[in-house]
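Structure first, then comments.
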Amino acid sequence: MPDDCIFCKIVAGELPSERVDEDEHTVSFMDINPWTRGHALVIPREHSTNLYDVAQDELRHTAVAAQRLALKMRDGLGCAGVNLLNSCEAAAWQTVFHFHVHVIPRYSDDPLRLPGSPLAVEPEDLAAVAALLRG
Ligand code: 5GP
Ligand code: ZN
């Protein structure tokens, strides 16, 4: 574990957190600066930096824990929906470099808005970028 990782310290109990769920592989706790009521984070106990390097098994366990939490939010908080969010690298808004998924309960009157708007693209543009991704 990197000495300076706050999420590893939360897993180890060296920093306080408001835990809401845990299993052998994951810990879930309230985000300290919630975007909506109930906003939580799911992290693997094992340190990885982000989506690029998280082990596939840890990713699976994190996704399953996120689903468990989403159902608790639906049933316990009465939210109207849930967003899962992951940010990978600073360019994509990542600020804590221990892989995590935000589980954000949504309410009809909450203040969140989509962060982007669709680009106008031609079919050739889509085809060109799809070719790059197919490799
Ligand atoms: P990111 O910006 O990397 O996608 O998400 C990091 C999240 O961690 C932020 O939403 C931030 O509020 C939350 N956070 C940062 N430090 C702490 C902390 O010490 N405790 C808790 N519970 N959340 C934290
Ligand atoms: Zn860590």
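The values are calculated or read from the model by the stated rules, or taken from the named source; none is laboratory data. No experiment lies behind these values; they were computed from the predicted model shown. With ideal geometry, Cβ positions are generated from the backbone for all residues, glycine too; neighbour counts draw on all protein chains shown. Ligands, DNA and RNA are stripped out before the accessible areas are found, and what is left, the full protein with its side chains, is counted by its heavy atoms. Shrake-Rupley method; radii C 1.70, N 1.55, O 1.52, S 1.80 Å.
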Quiz prompt | Listed residues Val64, Val11, Val103 arranged by accessible area, highest first, probe 1.4 Å | solution = Val64, Val11, Val103
Self-check item: Under DSSP loop assignment and at most 12 Cβ neighbours within 10 Å, longest GluC sites (Glu not before Pro)-free interval of the chain
Solution: 25-88
Quiz prompt | Acute angle (nearest 10 degrees) that the helix 123-134 long axis makes with the longest principal axis of the chain, alpha-carbon atoms | solution = 50 degrees
Exercise. At 1.4 Å probe size, with every protein chain present, just tell me what the per residue accessible area of the chain comes to in Å².
Key: 65 Å²
Practice problem: Taking H placed 1.01 Å from N in the peptide plane, check which residues at least 5 places from Thr26 or on another chain put their amide H under 5 Å from its amide H. | Solution: Arg45
Quiz item: If you take the C-alpha gyration tensor of the chain, multiply each eigenvalue by 5 and take the square root, what semi-axes do you get, largest first, in whole Å?
Solution: 28, 21, 14
Quiz item: When only C-alpha pairs under 8 Å and at least 6 residues apart count, what is the relative contact order of region 1-107, in percent?
Solution: 30 percent
Quiz item: Rounded if a/c is under 1.5, else prolate if a/b is larger than b/c, else oblate: which is region 50-115, with a ≥ b ≥ c the root eigenvalues of its Cα gyration tensor?
Solution: oblate
Quiz item: Probe 1.4 Å, all protein chains in place: accessible area of Arg19 in Å², nearest 10?
Solution: 80 Å²
Quiz item: What 222 nm value per residue comes from the helices of the chain, counting each DSSP H run with n ≥ 4 as -39,500 (n - 2.57) and dividing by all residues, nearest 500 deg cm²/dmol?
Solution: -8500 deg cm²/dmol
Self-check item: Rounded to the nearest 10 Å², the accessible area of Phe97 at probe 1.4 Å
Solution: 80 Å²
Practice problem: With a 1.4 Å probe and every protein chain left in place, tell me how much accessible area Met73 has, in Å² to the nearest 10. | Solution: 10 Å²
Exercise. Taking only Cα atoms and a 10 Å spring cutoff, compute GNM fluctuations for the chain and point out the largest among Leu84, Leu69, Leu114.
Key: Leu114
Quiz item: Quick one: with all protein chains in place, what share of the accessible area of the chain is carbon or sulfur, to the nearest percent (1.4 Å probe)?
Solution: 57 percent
Quiz prompt | Highest-fluctuation residue, Ile104, Ile32, Ile43 considered, GNM on the chain with Cα pairs under 10 Å | solution = Ile32
